[in-house]
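Written below as structure tokens is the structure these notes are about.
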Amino acid sequence: MRPTQHPFLDFFAPTEDVLIGDELGNIYYYVVEWPSAFDVSRDGWHGTTTKVASISVHTQQICALSWTPNGYGFISGANDNLACYVEIERILKQRMQHPSERDNHSREGSNTLHQGTLSKRRNGSRRTWMRDSMESYVYGTYPVTKVGPDGETRNATLDPEDDVIPVRRGQEKHCWKHDAAVKAIAFCPWQDNLVATGGGSNDKCIHFWHVGSEALLATIVVSAQVTSLIWSTTRPEIAATFGYPTPDHPYRVAVFSWPSCKQVGAIAWSGGPRALSAIPYPKGPADAPKGSRTAREGTIIVASSDRSIKFHEIWPEGSKATFGGFGMLGGSDILEGLDGIEKEGDVIR
């Protein structure tokens, strides 16, 4: 919940943070206010969209966007073969500066700010991170006075459209180079600093990175364009879907263990269609008995180039996950110490 942008009323309204990428490599960050049905019927207020930032860290079409699990930032992938990690809090703090100071800061590319696709972060979920003190960063810091139809004056904030933050190349926190477009990004749900990215036809690899240090932890060569990545929420495993294979092979879905990076399963498709994209689906078939499926089961939905949608249950409920003898960050004791990881245990909770 955030303070409403209603010009004459004070209440808290549900919001979502939305990222939109275009063909030119620009990313637009919006905060969307969704009033309740009661608020809409009471005073006709249908909410508003606040444009917070215009982010230009890429030079070609945006292919993928993914929020960090804690909501502190996001990673973008593009046709310029880059995956860029941007810290939202650092961007929002620029709204505390006078516009002229902010423009100078952005042009200089200060070292303190190394900073067609849509991704959204729902306020109120585990991705919500913004503290009360951050509200002014989103909604502006320059007070103005508005006059209502009854002549009543109220304090408000500057029109957000006049206070959009420009974020230019060099202000991203990290930037990871690939050998092809980056179309797949997935943060590990049980380890915030672990992220996987997938490269296109000239890369044909799954790369694992440590977000805090920018270190490359591991690479899996899959001999195919990586079109999506999905971590299991119950096991130390990741599923990948594949587009164009080189050399040709029939497998369009594969599952790998972490951190051993061993393939533990694969699904072949007959006829040669490509897997275009995939999303997790925690439920099950519509004809299953009510209450028989749980959110801890692992089904994925895959869009295919043959115009079909395929459902694959790759992580059935019941089996416990084991970590083996390696750490969860590629066996690096230094990185694991920074993130407080314990090597003992057999279940991800």
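Summary table below
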quantity: Any chance residue 154 is modelled with pLDDT of 50 or more and over 30 Å from residue 243 (Cβ atoms); calculated: yes
quantity: Candidate set: the range 242-277, residues that are touching a Lys or Arg at 6+ places or on another chain (Cβ under 6 Å) and within 14 Å of residue 205 (Cα to Cα); chosen: the one surrounded by the most Cβ atoms within 10 Å (Cβ to Cβ); calculated: 242
quantity: Contacts under 7 angstrom Cβ, first residue in the range 158-172 being in the same structural domain as residue 6 (by TED's automatic domain parsing) and over 19 Å from residue 7 (Cβ atoms), partner at pLDDT 85 or above and of a type in the set (Lys, Arg), 6 or more apart; calculated: 164/51
quantity: Residues satisfying the stated conditions in the range 1-42, i.e. in a loop (DSSP other than H, G, I, E, B), hydrophobic (A, V, I, L, M, F, W, C) and touching a helix residue (DSSP H, G or I) at 6+ places or on another chain (Cβ under 8 Å); calculated: 9, 11
quantity: Residue 75 vs. criteria within 21 Å of residue 166 (Cβ to Cβ), among the β-branched types (Val, Ile, Thr) and either at pLDDT below 90 or in contact with a helix residue (DSSP H, G or I) (Cβ under 6 Å, 6 or more places away or on another chain) (or both); calculated: no
quantity: Selected residue [on the phi > 0 side of the Ramachandran plot and surrounded by 17 or more Cβ atoms within 10 Å (Cβ to Cβ)] from 25, 77, 21, 44; calculated: 25
quantity: Number of positions in the range 162-178 that are assigned to a loop (DSSP other than H, G, I, E, B), in contact with a strand residue (DSSP E or B) (Cβ under 6 Å, 6 or more places away or on another chain) and of a type outside the set (A, V, I, L, M, F, W, C); calculated: 3
quantity: Residues of the range 191-228 classified as in a loop (DSSP other than H, G, I, E, B) and crowded, with 18+ Cβ neighbours inside 10 Å, total; calculated: 7
quantity: Residue in the range 43-59 that is assigned to a loop (DSSP other than H, G, I, E, B), among the aliphatic types (A, V, I, L, M) and either within 25 Å of residue 207 (Cβ to Cβ) or at pLDDT 80 or above (or both) present; calculated: yes
quantity: In the range 179-190, the residues that are of a type in the set (Phe, Trp, Tyr) and assigned to a loop (DSSP other than H, G, I, E, B); calculated: 190
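The values are calculated or read from the model by the stated rules, or taken from the named source; none is laboratory data. These numbers were taken from a predicted model, which means no experiment stands behind them. Because the Cβ atoms are built from the backbone with ideal geometry, glycine has one as well, and the counts that use them run over all protein chains shown.
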